[in-house]
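**Q** Have a look at this one before I ask anything.
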Amino acid sequence: MKRYTNILILLLLTGLFIPAGAQNNPYKIDDSLYPFFQRATKSRTYPQGLLIADTLYAEATKKKDKKAQCLALTIPVSFYYSSGNYEKLEQAATKLKEEARKNNYLQYYYSAYTSEINWLLNNGHSLRALHKAEEMKEQAFKDQHNYGIFSCIRTLGHIYYMRQNSEVAAEYYKNALEYMLKHLPEQDPSYLYMNLAEYYRKKDEGEVALEYNEKAVKTAKTNESRVASLMDKCQTLYSMDRIDDFNTCYEECLQLVEQYGVIRKSALLRLRICKLVLDKKYDQAYIAADSIGSPLQVYQILHVLYLKSGDYEKAYTYNKLIHKHQDSINRLVQSTDIAELNAQIGNERMKLDAKALEYKNAALNLRNTQLELERTKSQSELEKINAENSKLVLKNRNLELARLNVEAEKQKAILKEQQSASQHYIVTLSLVLSFLFLFTCFLIFYLYRRRRTMAILQEKNEELTVARDHAEESDRMKSFFIQNMSHEIRTPLNAIVGFSQVLSTPDMEVDEEEKAEFSMLIQQNSELLTTLINDVLDLASLESGKYTMHLAPHRCNELCQIAMASVVHRNPKEVKSYFTSDAPNDFLFVTDKERLQQVLINFLTNAEKHTVRGEIHLHCSLTENPGKITFPVTDTGPGVPADQADYVFDRFSKLDEFKQGTGLGLNICSIIAGRLKGEVKLDKSYTKGARFLFILPLDGDPNY
């Protein structure tokens, strides 16, 4: 259930489920404030988001935009929720609730309440989450606020689901769905339909689950909920062994993912495993299952895999692991409940024990008095029997009995006074202990705040030191860059100008062979100058973050052949260049075509500069790094010295200062590899020259 909670939390904080056709500024706040809110939302998980939210709140206060004030206070709630600081989250939520109630925007009041409950629920405090949800429910019905009532009903469903009480959770989901459809028709009900589908799927009631899946697909109001609904439907069809329907639905999912991008990676990976199982590609399914993060989901998938493949012994082993993991979750919930209950009743139990001891002492004293009275009465009766012959003795005994009765009354009065004094002493002692406790808490808080302040000051000083060092290094690099570029640009430019003047001077006697040679030199220096300028422009574009990777499926062998063809004419006469591959010619993978070729051309150009004789070899491998595609470029040149191997990809790094180039080519390759979620490195174990590797993942989704 945590996967649905995390998907909805941001929408809960900002008013929940904006209609798909909403225009700019869908919250209808002041137009000048909306850009602040957009920036704050994008940075909501970073400290700068808090600064932007403070600015938004101040500007909203000036413009008297009460709704914008509430929206500004949702950013700290989101930040502290994601950072895991519950104390700060509770403070931010309290401030948002006060502001929302004061400005009569109660949807944000209940959004803040829901954030606190979800944090407690996701961090193992389900009992505290349940108590807070009951508080929220009481307030929502008191306010008669439709969104608040719906939120608390749905949240109670999440809580009981996490507490392994699926039956009660399903009833809450049904009630929440009925209430939403009746009172909040503009909301997206697809996630509640998916919750109910999952419940009936686990009960092996596939037809009922499929009905809820169909409703989820039909009622989804966003691209994300539409994709999620269709993926959940695939899971139901798979559990029902409806293979043809599953394949049709799976293809439809892939089309939507290609259209909207990968929205839910984990769900798509589970569907891919199901497809591999149906296609009996068990080895690939085992590999894919290992990449799923949740242990319980891994056990469940491997259990089904081994059942399908006929390995019943391993299937039984993973079935035991599933039950063991579920039992451990139940024990964790129970132990958490017990710990929280013990913390709540511990102090009350101590007070009750003290009062019980007090009452026990009073009862013992009273019992002693009663025994004394009984003994006195027995003596009186005995004296009456012995004094039957003497009225005077009997009268004296009666007087003595009366005196003892009066004494007993005095004893009772004294006992009451002692009890009253004891109670006064207990109250005084409690007040003193309470004062000491409060003083201790204040002292601890003061010391904590002082230590925190000192830590913040130290952190700021360290940041200033780093910034100063970075500024000095940037100034040094700028000077070095200008000096280096001045030399590198002047050399080819002088060659172009000099040879051009020779060719254009009519008095110069130059034969055709020399003219061809001069023209070739002009062309080579022009290409070199163009390469220098392109390196600088590429570096600026990549570091500014303005360049967007254009990802698409391409044939790896074709890209390599194009890169080889574009540089082969520069080879020295005694150097042979060739390309090999262990990948099929029709093998496709997703990448940025231009940037991949740029890295390969840089590697090949670098090899041509340093290779006088021998060969340059470009290879494409799917086996060198399993799960990835590797492009090694090997040459028979002098190689990279061991003392420079760790710095070869640094900016302005050149092994031979007399060779043309800015020293930016390999650094640009490193930046491009990082943007494609890959890496470039030097094979230090290769000793017959230099061997550079360009390694990319095969999932094709660097999350841009």
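The values are calculated or read from the model by the stated rules, or taken from the named source; none is laboratory data. Note that this is a predicted model, so its numbers are computed, not measured. All Cβ positions, even for glycine, are placed from backbone atoms using ideal geometry, and neighbour counts span all protein chains on display. Side chains are part of the model used for accessible areas, which takes the heavy atoms of the whole protein and leaves out ligands, DNA and RNA. Shrake-Rupley method; radii C 1.70, N 1.55, O 1.52, S 1.80 Å.
**Q** Inspect the stretch 377-398 for any residue being open to solvent by 70 Å² or more (accessible area, probe 1.4 Å), within 30 Å of Lys88 (Cα to Cα) and at pLDDT 80 or above and give the result as yes or no.
**A** Checked against the condition, which is being open to solvent by 70 Å² or more (accessible area, probe 1.4 Å), within 30 Å of Lys88 (Cα to Cα) and at pLDDT 80 or above, the stretch 377-398 yields no hits at all.
**Q** Considering every residue within the stretch 582-595, establish whether at least one is over 18 Å from Leu682 (Cβ atoms), assigned to a helix (DSSP H, G or I) and in contact with a helix residue (DSSP H, G or I) (Cβ under 9 Å, 6 or more places away or on another chain).
**A** Checked against the condition, which is being over 18 Å from Leu682 (Cβ atoms), assigned to a helix (DSSP H, G or I) and in contact with a helix residue (DSSP H, G or I) (Cβ under 9 Å, 6 or more places away or on another chain), the stretch 582-595 yields at least one hit.
**Q** In the set Val227, Val208, which member is within 26 Å of Tyr173 (Cα to Cα), among the aliphatic types (A, V, I, L, M) and open to solvent by 20 Å² or more (accessible area, probe 1.4 Å)?
**A** Numbers: Val227 fails: open to solvent by 20 Å² or more (accessible area, probe 1.4 Å).
Checking each option against the conditions leaves just Val208.
**Q** Select from the stretch 16-43 the residues that are part of a loop (DSSP other than H, G, I, E, B), at pLDDT 85 or above and not hydroxyl-bearing (Ser, Thr, Tyr) and list them in ascending order.
**A** Lys28, Ile29, Asp30, Asp31, Leu33
**Q** Which condition does Val633 not pass, out of (1) buried (at least 17 other Cβ atoms within 10 Å of the Cβ); (2) touching an Asp or Glu at 6+ places or on another chain (Cβ under 8 Å); (3) modelled with pLDDT of 85 or more, if it passes all the others?
**A** It fails just one condition, (2).
**Q** Sticking with this one: Name the residues in the stretch 44-53 that are outside any loop (DSSP other than H, G, I, E, B) and open to solvent by less than 80 Å² (accessible area, probe 1.4 Å), would you?
**A** Gly49, Leu50, Ile52, Ala53
**Q** Then there is this: Would you check if there is a residue in the stretch 235-242 being more than 21 Å from Gly148 (Cβ to Cβ) and among the basic types (Lys, Arg)?
**A** Yes: the stretch 235-242 contains one or more residues that are more than 21 Å from Gly148 (Cβ to Cβ) and among the basic types (Lys, Arg).
**Q** Does the stretch 355-363 include one or more residues that are modelled with pLDDT of 70 or more, surrounded by 11 or more Cβ atoms within 10 Å (Cβ to Cβ) and among the small types (Gly, Ala, Ser)?
**A** No; the residues of the stretch 355-363 include none that is modelled with pLDDT of 70 or more, surrounded by 11 or more Cβ atoms within 10 Å (Cβ to Cβ) and among the small types (Gly, Ala, Ser).
**Q** Quick one: how many residues across the stretch 369-422 are touching a residue at least 40 places away in the same chain (Cβ under 8 Å) and of a type in the set (A, V, I, L, M)?
**A** 1
**Q** Could you please give the count of residues in the stretch 155-171 that are closer than 19 Å to Leu120 by Cα and either assigned to a loop (DSSP other than H, G, I, E, B) or open to solvent by 50 Å² or more (accessible area, probe 1.4 Å) (or both)?
**A** Final tally of qualifying residues: 4.
**Q** Residue by residue through the stretch 230-244, note down the ones that are more than 15 Å from Arg270 (Cβ to Cβ) and either of a type in the set (A, V, I, L, M, F, W, C) or open to solvent by less than 40 Å² (accessible area, probe 1.4 Å) (or both).
**A** The answer is Met240, Ile243.
**Q** Considering only residues of the stretch 636-649 that are open to solvent by less than 40 Å² (accessible area, probe 1.4 Å) and not small (Gly, Ala, Ser), which is nearest to Asn667 (Cα to Cα)?
**A** Residues of the stretch 636-649 open to solvent by less than 40 Å² (accessible area, probe 1.4 Å): 637, 639-640, 645, 648-649.
In the following step, the residues that additionally are not small (Gly, Ala, Ser) were identified as 640, 648-649.
Working: Val640: 16, Val648: 8, Phe649: 5 Å.
Among those residues, the one meeting the criterion is Phe649.
**Q** So, Asn175, is that one under 27 Å from the mean Cα position of the chain (by Cα) and in a helix (DSSP H, G or I) or not? Break it down into steps so the answer makes sense when it comes.
**A** Details: under 27 Å from the mean Cα position of the chain (by Cα): no; in a helix (DSSP H, G or I): yes.
For Asn175, the condition - under 27 Å from the mean Cα position of the chain (by Cα) and in a helix (DSSP H, G or I) - is not met.
**Q** Then there's this: Out of all the residues in the stretch 600-629, which are assigned to a strand (DSSP E or B) and charged (D, E, K, R)?
**A** Let us first name the residues in the stretch 600-629 that are assigned to a strand (DSSP E or B), namely 614-621, 628-629.
Those that are assigned to a strand (DSSP E or B) and charged (D, E, K, R): Glu615, Lys628.
**Q** Cβ-Cβ distance below 8 Å, separation of 6 or more or different chains: which pairs start in the stretch 619-646 with a residue that is in contact (Cβ under 8 Å) with a residue 24 or more places away in the chain and end on one that is of a type in the set (Phe, Trp, Tyr) and open to solvent by 60 Å² or more (accessible area, probe 1.4 Å)?
**A** Thr634/Tyr686; Gly639/Tyr686
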